[in-house]
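Here's the structure, in structure tokens; my notes come after.
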Amino acid sequence: MIENKKFIVEGMHCGSCAINIEMILKAQEGVNSVSVSFDNKEAVMEYDNEKTDLSKLSGAISPLGYTLRTPD
């Protein structure tokens, strides 16, 4: 099932961070689109939740020091 969700991105320090995170997330299986905003510290993604989930997506960026989490 396709979902469109907003996630908080922790660990970003600049606009280049947002670009790197966006490229990594776009390359993940099941991700149709992603937009990362440094100013808002968030990522908006459209993805297939049968192919990926928050744990996998966050795991893809965690080696670089970033974390995804759902808004409180």
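The values are calculated or read from the model by the stated rules, or taken from the named source; none is laboratory data. Note that the coordinates shown come from a computational prediction; the quantities given were computed from them, not determined experimentally. All Cβ positions, even for glycine, are placed from backbone atoms using ideal geometry, and neighbour counts span all protein chains on display. All accessible areas refer to the heavy atoms of the entire protein, side chains included, with ligands and DNA or RNA removed. Shrake-Rupley method; radii C 1.70, N 1.55, O 1.52, S 1.80 Å.
At 1.4 Å probe size, put Asp72, Asp39 in order of accessible surface, largest to smallest.
On the way: Asp72 175, Asp39 135 Å².
Order by accessible area, largest first: Asp72, Asp39.
Going from most exposed to least, what order do Ile2, Ile61, Ile24 have by accessible area with a 1.4 Å probe?
Numbers: Ile2 95, Ile61 0, Ile24 45 Å².
Largest accessible area first, the residues go Ile2, Ile24, Ile61.
Which whole-number value in Å² is the accessible area per residue of the chain, probe 1.4 Å? Kindly include the intermediate steps, with their values, before the conclusion.
Numbers: 4230 Å² over 72 residues.
For the chain, the per-residue accessible area is 59 Å².
Kindly express, to the nearest 10 degrees and within the range 0 to 90, the angle between helix 15-26's C-alpha long axis and the longest C-alpha principal axis of the chain.
Between the helix axis and the principal axis of the chain, the angle is about 20 degrees.
Over the heavy atoms of Lys41, what accessible area does a 1.4 Å probe trace out, to the nearest 10 Å²?
80 Å²
Nearest 500 deg cm²/dmol is fine: what mean residue ellipticity at 222 nm does the chain get from its DSSP H runs of n ≥ 4 alone, each adding -39,500 (n - 2.57), divided by its residue count?
Here the helix-only value at 222 nm equals -8000 deg cm²/dmol.
Counting only protein heavy atoms and using a 1.4 Å probe, what share of the accessible area of the chain belongs to carbon plus sulfur, as a whole percent?
Numbers: 2030 of 4230 Å².
Result for the chain: 48 percent of the exposed heavy-atom area is carbon or sulfur.
Normalised by the number of residues in the chain, what is the relative contact order in percent for Cα pairs under 8 Å and 6+ residues apart? Don't skip to the answer; put the middle values down first.
Numbers: 125 pairs, mean separation 30.5, N = 72.
Contact order relative to length: 42 percent.
How about the chain: which GluC sites (Glu not before Pro) there are in a DSSP loop, with at most 16 other Cβ atoms within 10 Å of their Cβ? Don't jump to the answer; show the numbers that get you there.
Working: sites: Glu3, Glu10, Glu22, Glu29, Glu42, Glu46, Glu50; in loops: Glu29, Glu50.
Those that pass, being in a loop and sparsely packed, are Glu29, Glu50.
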